[in-house]
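A short worksheet on the structure shown next.
The values are calculated or read from the model by the stated rules, or taken from the named source; none is laboratory data. Note that the structure is predicted; figures quoted are calculated from it, not measured. Here the Cβ positions follow ideal geometry from the backbone for every residue, glycine too, while neighbour counts run over all protein chains shown. Accessible surface areas use protein heavy atoms only, side chains included; no ligands, DNA or RNA. Shrake-Rupley method; radii C 1.70, N 1.55, O 1.52, S 1.80 Å.
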Amino acid sequence: MSPVADNPLTAPDRELEENKKPSESEPPRIRRPLCGWSPGKQDKWFCNRGYEWKTFDKLSECRGWCKRTYPDLAHRRKHRTMFPVSSPKRKFRTMHRKNGSVSFLASCVALFLFPVVFFAALSFAQSKDDRSMASSKPLGQVSGHVYRADTGEPIPKTQVSLLPSDEATAKATEQRTVRTGPDGTFTFTDLPGGNYDIGTWHNGYSEYSGSLDPDSSDRELTNRKVALTPGQTVQNIVLHLYPAGVISGQVMDEDQDPVPGLQVLALRIDFKKGGQRNILLAAQTITDDLGNYRMPDLPPGSYFVRAGGLIQRPMRKMQAMSVKEGPAGRVQYQNTFYPGTSSLSEAKPVDIAPLTEARDTRFTVPTERTFSVRGKVLPGAEPPPKGSVEIECTSPDSVGYNFRMGPSTAAEPDGSFKISGLPPGDYTLAATATNQGVSNDLGFASVHISDADVHSDVEIGHAAEVYGKVDVPPEASVRGKRIQLEIFGPGFYLLHQSSELDRTGRFDIKTIPPGVFTLSLSASEGDESVYVKKAVCGGHDYATREFTLTAESRLDCDVTLARDTSTVYGKVTSSDNPVTAAVVVMIPASPELRKVPRYTLISKTDAAGRYKLTAVIPTDYLLFAVPNSPDHAYFDPAFVDRNTLNSESVAVNPGSAQIVDLKLSSLK
């Protein structure tokens, strides 16, 4: 390696040059240990500190931040390096001075990236260490079987997944999936200790029985959770899959043309005390190019099928489109239930049995014009909150499977907002602010849309308020008691509570949205026998009936509590034999009281067929003993009329204990 003209070597390099005289064909004797690279005859190293040399004098280390350079472009491309050397040392230093800002910028970038890379490497090393520590412990095993719930036959080729259920287990291992053998067996080996969940899937089956009663699936859920200690073997886990059904059909427009790209939902109704309906989403899909849809793997039960909204275009940049959209407004498909109605009360349920398909659920979905609401968030008597304010729009008679599924938008810095895509109807606007993950209502406004856009402002603090005093009986205490307002709607339940009653029994519930409410008492555990006997607000007693609040409502209430509840118990038989796990339902004889959830009571029989109902508010009741219902159909408002002949009438007196034996009857 000869020196470059006008570029004297440093003392170490000069001594090396004098002690060796390589020939043209002699291979280089210099090699970088880390990457195995050997320099050519013309290759040099140039450091941004102004030092230049031809060899590594510190094995695998560069002096400072150094760049490897090459004399020709081909070599540069091959090794993807910085720039070729073709000039004396003086020119190199000039170039370094000219590019000082570039070097400085590169230094800053490197200094910025160093902690990021360092901590990423540290995290990776920690994760690796965690897994190394886990692998150093004895490994365990999990095995079991998957059977049909109805026949007990094994189900081969079922996909069984073992999922870490906490952070520590997830650090030690990943999700694993196996398939069952011909006899339905599955095995997971080499498992570190930890907590796991087991999931199963097979086409045509469901993990759920179709019952909406959580007690019915407790045992199965327990079998699907595994707490594995290091080296433990857990075997003979028994899992069940339930034969499922299918709903299929077609959606058409007013001209009987197929509607592609429309969302279709399968909804289930779960009845609650007071006759309220909780709407649950069971499945959803998008119609194909012929307007057809198919929803498989549905647990047995009754479903309502709904289609409507915007047209979905997953492969386009615009994922959801209107039928028409312009300055005059927007036209979209109306939310419509099978067999072709916008009202859930007029919809026809689709019943699914195991391993069956409900075909030809065809219906027409009309179009409708939608409108906008514009307005402003006004400060009102209270100061505006810090941070952003969200405006949510809900419809009191809309059908959703979760509360507040309507459109929403963030208010502008000046408080203005606009919500589009609203069909004709009545709406509630709610201004909310989120602080540390908690959403707080600020104010409300009611809006009616008929055939044009509307303007409505939302004032902070504009909300209903219910306050007053509670008269507590001498034998009871105010400790732990609160007055609460309950509102039920399709798909949601909302509870507004006062703070704990003070010594004088005063209470105050603020920022209540418009709606239809019932007033009740929240008592501490073990004190359920206390109930609201009277709630006189504005001259009306609302203890036993619903009442309506608007954003302008201010109610001063005198509430009287009582503690004279009763007990009803007995035995359920069928053909003189006790019935286990039968459902005993106690429903008020008064249709008005049936709307108040507190008056409807439920119990299940034990192994001897016995039941017991406590904290019964004195009034007249009807008692029913029926099999368990997947959707709690005994809370359906129409249940009493359909099953009156199978009921027992009971007049409950204050503070009494009564025995009533029942015969098991079928649900109608």
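Side notes on the structure shown:
- Within segment 528-568, the ratio Rg/Rh, alpha carbon atoms throughout and Rh by Kirkwood, equals 1.09.
- Taking the inverse of the mean 1/r over every pair of distinct Cα atoms in segment 607-668 gives a Kirkwood hydrodynamic radius of 13.1 Å.
- Average 1/r across all pairs of distinct alpha carbons in segment 213-312, invert it, and you get the Kirkwood radius: 16.9 Å.
- For segment 174-315, the per residue solvent-accessible surface stands at 46 Å², with DNA, RNA and ligands left out and a 1.4 Å probe.
- Apportionment of accessible area to carbon and sulfur, segment 232-330, percent (1.4 Å): 50
- When peptides 541-549, 148-156 are sorted by average Cβ neighbour count within 10 Å, with the highest value leading, the order is 541-549, 148-156.
- Label-point separation, residue 183 to residue 150 (7 Å along Cα→Cβ), nm: 2.6
- The label-point distance for residue 455 and residue 426, in a model that sets each label 7 Å from Cα toward Cβ, rounds to 2.5 nm.
- Karplus 3J(HN,Hα) series, Hz, for segment 273-282 with 6.51 cos²θ - 1.76 cosθ + 1.60 (x for Gly, Pro): 4, x, x, 6, 10, 9, 9, 10, 7, 9
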